[in-house]
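Undergrad: Got a structure for you, written out below as structure tokens; questions coming shortly.
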Amino acid sequence: MTNKIKINLLVFFCLFITFSCKKQSNEEEKKVARTPQAIEEYSDKLNNWFETQFQEEVSRSPMTQTYLGIKTADYGKWDDISSKKEVEDLERTKQRLAYLKDSVDISRLNEATKLSYKLMRQDLENQIKDFQYRFYNYPVNQMSGMHARVPAFMINMHRVEDKSDAEAYISRLDGLDELFKQLVDNMKIREKNGIVPPKFVFTKVLEDCRNIITGQPFDESNKESTLLADFKRKISALELSDKDKSELVSQAEKSLIESFKPAYDNLISFLEGQQQRATTEDGCWKFPKGNAFYNVALKRTTTTDMTADQIHELGLKEVDRIHKEMRDIMKQVKYEGTLQDFFKYLKEDEKFYFPNNEEGQEAYLKQAVGLIDNMKSRLDELFITKPKADIVVKAVEPFREKSAGKAFYQRGTPDGSRPGRYYANLYDMKAMPKYQMEALAYHEGIPGHHMQRSIAQELENIPEFRKFAGYTAYTEGWGLYTELLPKEIGLYNDPYSDFGRLAMELWRACRLVVDTGIHAKKWTREEGIKYYTDNTPNAESDAVKMVERHIVMPSQATAYKIGMNKILELRENAREKLGDQFNIREFHDVVLTNGAVPLNVLEELVEKWIAIKSKEENTES
């Protein structure tokens, strides 16, 4: 053997030994990296990163801080809502996604953190994909918008517990001009891109804007404006001298006249001009790439791949099924006539409504509180985890009651300093029949939105960003599911109340038909209203508001029925697979104790629970 061959063999042997040692070292490192302790440490590291990102977002939003009950140096400021900030947000989104994709080894995470990773990554990817549609909405409309959000925020969110809080209140009044300038700029950008609300929106929005700047100190009337009355009420509770209180009121009046009112005047001026340029076309098919946008909106809202046609057909089938169940109740109450006759009877008979006056409104609120309190006493039959936060029932404030929806929920603060609130719109008592109030209280209050959202933000084992997630199909699906749930433990003793429950489910089924009808099939506003009045017992005013909601919030209303159906499907599947092992309280814990999630993720969580329960049963047997 030549020396050259010997040397080559020696080199090869050394390389082989080095490679083998390195491979063995890598194997050892992998084993160490996947010990239970290492997995927890690596997961903690990513959860700390999640927390840092969440806190960064909170620090950039003075309004979010206030919603969360946090007071910082920004307490007297508004958010930056400029288009420039949206571009900056996109860059941060891309950076976060790059970190998750390039710097995180998913195999080294525990199961809970894997789910957090999956949810955040999906959310970031969707934000980037959807950036092209960031102007495809109406920042000011009859359902929501900064014009109505500002006074509601100041009244319900901005707490005044000392003099500095009162000064921060005044600072926000002074800062409204810049906020509304950004708002108008955003609407101008949308108009350049062909995104303008239909004509009907403007009459309602302009009336709301004018209501907010009516009364003292804006005019000579005897009545104080909404904001001045709120400010005075809040500082009256402070332990300050009469002189300090008087000075604060004077400052607030000055800010309302010199800053607050001009901001609304400028917004009103722009809206009046845009009103002249608006058309009566309602569906988002009128937008550039409108059909593509609507398909994406449906996907995001429902967290499914259902098409507009599939959703439309599901709605028609559900309407037919619920009509049949309603006819069964007609037989139960011995009503002779058609379903349409019964609808007319329910609309017209005064016994189904509270008086349309202050006494009637107070009676409604009192009875709603009673329904929620009674449900609270039955929660142990259905739930393991229950919310710590309290809930109050309130009427929608006068400045927005004309245009606001029938009812809605506003979550409390995580620390419990502000309770959750169920708002009932009592502007027109004929739109709030007695037979629907039971289902409405369960949906908005307990065991509906208050329970789900309070439990989510009280969870201790998930990152903050998951506590405030807003997957509409999940949250509204849960709300609709909890209208049915109390019936299964013997509530809805009055058959008319049970009919009211069906009427509300029917309403959500009709939404599938009308939302897709308007935005995918070019239905007119009038066609949508007629579908509701022909197929439901609700007041025509309900139908008008609902159709107008469809128009300004494409896809949003499809979430309820699709979400409810999925939860029921998962529950019945679990009941079938587990048999006697099925426990409704445990099922609800699976649904509620992970925060809001997409429906496909909810299905995975339920399947995992079923597998664990089945394994336990096999082990025991």
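Quick note: the coordinates plus some simple rules give every number you see, no bench work behind them. As the structure is a prediction and not an experimental result, all values here were calculated from the model. Neighbour counts run over all protein chains shown; Cβ positions are idealised from the backbone, glycine included.
Undergrad: Using Cα atoms only, what is the angle between the long axis of helix 176-192 and the major principal axis of the chain, expressed in degrees (0 to 90) to the nearest 10?
TA: 80 degrees
Undergrad: Give the lysines whose C-alpha is closer than 24 Å to that of Lys386, dropping any in the same chain fewer than 8 places away, or say none.
TA: By straight Cα distance, Lys386 reaches Lys366, Lys376, Lys394, Lys467, Lys487, Lys566, Lys608, Lys613.
Undergrad: Still on this structure, I have one more. Using Cα-Cα distances under 8 Å and only pairs 6 or more residues apart, what relative contact order does segment 313-409 have, in percent? All intermediate terms of the calculation are to be shown ahead of the outcome.
TA: Numbers: 21 pairs, mean separation 14.0, N = 97.
Once normalised by length, the contact order is 14 percent.
Undergrad: On full extension of the chain, what length is gained from Asp534 through Leu339, given 0.36 nm per residue of separation minus the C-alpha to C-alpha distance?
TA: On the way: separation 195, 0.36 × 195 = 70.20 nm, distance 1.02 nm.
Using 0.36 nm per residue and subtracting the Cα-Cα distance, I get 69.2 nm.
Undergrad: Sticking with this one: Place +1 on the Cβ of every Lys and Arg and -1 on the Cβ of every Asp and Glu in segment 293-564, take the dipole about the Cα centre, and give the residue among Leu480, Ala431, Phe293 whose Cα lies farthest towards its positive end.
TA: In segment 293-564, that residue is Phe293.
Undergrad: Now for a separate question. Determine, for Phe408, Phe202, the number of other Cβ atoms within 10 Å of each Cβ, and report the residues in order from fewest to most. Spell out each step's value before the answer.
TA: Details: Phe408 15, Phe202 20.
Arranged by neighbour count, lowest to highest, Phe408, Phe202 become Phe408, Phe202.
Undergrad: At 7 Å along Cα-to-Cβ for each site, give me the label-to-label distance between Arg378 and Lys188 in nm.
TA: 5.6 nm
Undergrad: Arg585 label point, 7 Å along Cα→Cβ, cut-off 12 Å on backbone N: hits in segment 355-397?
TA: The answer is 379-386, whose backbone nitrogens lie closer than 12 Å to the label point.
Undergrad: Also: Report the full-extension gain for the segment Thr64 to Ala395: residue separation times 0.36 nm, less the Cα-Cα distance, to one decimal in nm.
TA: So the extension gain works out to 116.8 nm.
Undergrad: Using a Förster distance of 51 angstrom, determine the FRET efficiency expected from the C-beta separation of Lys615 and Lys85, and round it to 0.05.
TA: Numbers: r = 50 Å, r/R0 = 0.97.
According to the calculation, E is roughly 0.55.
Undergrad: Let me ask something else about it. Across segment 95-172, how many lysine pairs separated by 8 or more positions, or lying on different chains, have Cα atoms within less than 18 Å? Don't skip to the answer; put the middle values down first.
TA: On the way: Lys101/Lys114; Lys101/Lys118; Lys101/Lys129; Lys118/Lys129.
Eligible lysine pairs with Cα atoms under 18 Å apart amount to 4.
Undergrad: For the chain, with the dipole built from +1 on Lys and Arg beta-carbon atoms and -1 on Asp and Glu ones, taken about the Cα centre, which of Ile128, Thr203, Gly273 lies farthest toward the positive end?
TA: Farthest towards the positive end: Ile128.
Undergrad: While we're looking at this one, here's another question. Rounded to the nearest 0.05, what FRET efficiency do Asn291 and Asp328 give with R0 = 41 Å and r taken as the Cβ-Cβ distance? Could you check? Before the final figure, lay out the partial values.
TA: Numbers: r = 40 Å, r/R0 = 0.97.
The pair Asn291/Asp328 has a calculated efficiency of 0.55.
Undergrad: Add -39500 (n - 2.57) for each DSSP H run of 4 or more in the chain, then divide by its residues: what number comes out at 222 nm, to the nearest 500 deg cm²/dmol?
TA: On the way: 26 runs with 403 residues, N = 621.
Helix-only estimate at 222 nm: -21500 deg cm²/dmol.
Undergrad: What translational diffusion coefficient, in µm²/s and rounded to a whole number, does the Stokes-Einstein relation yield for the chain at 20 °C and a viscosity of 1.002 mPa s, taking the hydrodynamic radius as the Kirkwood radius over Cα pairs? It would help to have the intermediate numbers written out before the result.
TA: Details: Rh = 27.2 Å.
Estimated diffusion coefficient is 79 µm²/s.
Undergrad: Continuing with this model, one more query. Calculate the dipole size of segment 293-564 relative to its Cα centre from +1 charges on Lys and Arg beta carbons and -1 charges on Asp and Glu beta carbons; express the result in debye to the nearest 20. Walk me through the intermediate numbers first.
TA: Working: 39 positive and 41 negative charges, 107 e Å.
It works out to roughly 520 debye.
Undergrad: Here's another thing I want to ask about it. Taking the Cα centre as origin and putting +1 on Lys and Arg beta-carbons and -1 on Asp and Glu beta-carbons, what dipole magnitude results for the chain, to the nearest 20 debye?
TA: Working: 92 positive and 100 negative charges, 376 e Å.
Once rounded to the nearest 20, the dipole reads 1800 debye.
Undergrad: As I understand it, the dipole of the chain uses +1 on the Cβ of Lys and Arg and -1 on the Cβ of Asp and Glu, about the Cα centre. Which of Gln457, Ser614, Tyr531 lies farthest toward its positive end?
TA: Ser614
Undergrad: Reachable lysines from Lys530, Cα under 16 Å, same-chain residues fewer than 8 places away excluded?
TA: By straight Cα distance, Lys530 reaches Lys344, Lys347, Lys521, Lys522, Lys545.
Undergrad: Using alpha carbon centroids, what distance separates segment 383-411 and segment 142-174, in Å?
TA: Distance between centres, Cα-based: 18 Å.
Undergrad: Report, by chain and number, residues whose modeled amide H sits under 5 Å from the one on Lys394, excluding near sequence neighbours (fewer than 5 apart, same chain).
TA: Tyr422, Tyr423, Ala424
Undergrad: Test of understanding: given the chain, find the longest segment containing no GluC sites (Glu not before Pro) that are in a DSSP loop and have at most 13 other Cβ atoms within 10 Å.
TA: On the way: sites that count: Glu161, Glu220, Glu239, Glu336, Glu460.
Excluding the exposed sites themselves, the longest stretch runs over 461-621.
Undergrad: A follow-up question, please. Counting pairs of alpha carbon atoms under 8 Å apart in space and at least six apart in sequence, what relative contact order in percent does segment 146-280 give? Write out the running numbers ahead of the final one.
TA: Details: 114 pairs, mean separation 55.0, N = 135.
Reported relative contact order: 41 percent.
Undergrad: Given a Förster distance of 35 angstrom, what is the FRET efficiency for Asn126 paired with Thr385, based on the Cβ-Cβ distance and rounded to 0.05? Spell out each step's value before the answer.
TA: Values: r = 29 Å, r/R0 = 0.82.
Once rounded, the FRET efficiency stands at 0.75.
Undergrad: Report the trypsin sites (Lys or Arg not before Pro) located in segment 285-361 that are in a DSSP loop and have at most 16 other Cβ atoms inside 10 Å of their Cβ, or state none.
TA: Working: sites: Lys286, Lys289, Lys299, Arg300, Lys317, Arg321, Lys324, Arg327, Lys331, Lys334, Lys344, Lys347, Lys351; in loops: Lys289, Lys334.
Passing both the DSSP loop test and the Cβ count: Lys289, Lys334.
Undergrad: Angle, helix 146-156 long axis vs. longest principal axis of the chain, Cα atoms, 0 to 90°, nearest 10?
TA: 90 degrees
Undergrad: Next question, about the same structure. Taking the Cα centre as origin and putting +1 on Lys and Arg beta-carbons and -1 on Asp and Glu beta-carbons, what dipole magnitude results for segment 146-280, to the nearest 20 debye? Can you show the working numbers first?
TA: Values: 20 positive and 23 negative charges, 141 e Å.
The calculated dipole for segment 146-280 is roughly 680 debye.
Undergrad: Could you name the lysines in cross-link range of Lys181, using Cα to Cα under 16 Å and dropping any fewer than eight places away on the same chain?
TA: Candidates past the 8-residue exclusion: Lys77, Lys84, Lys85, Lys261.
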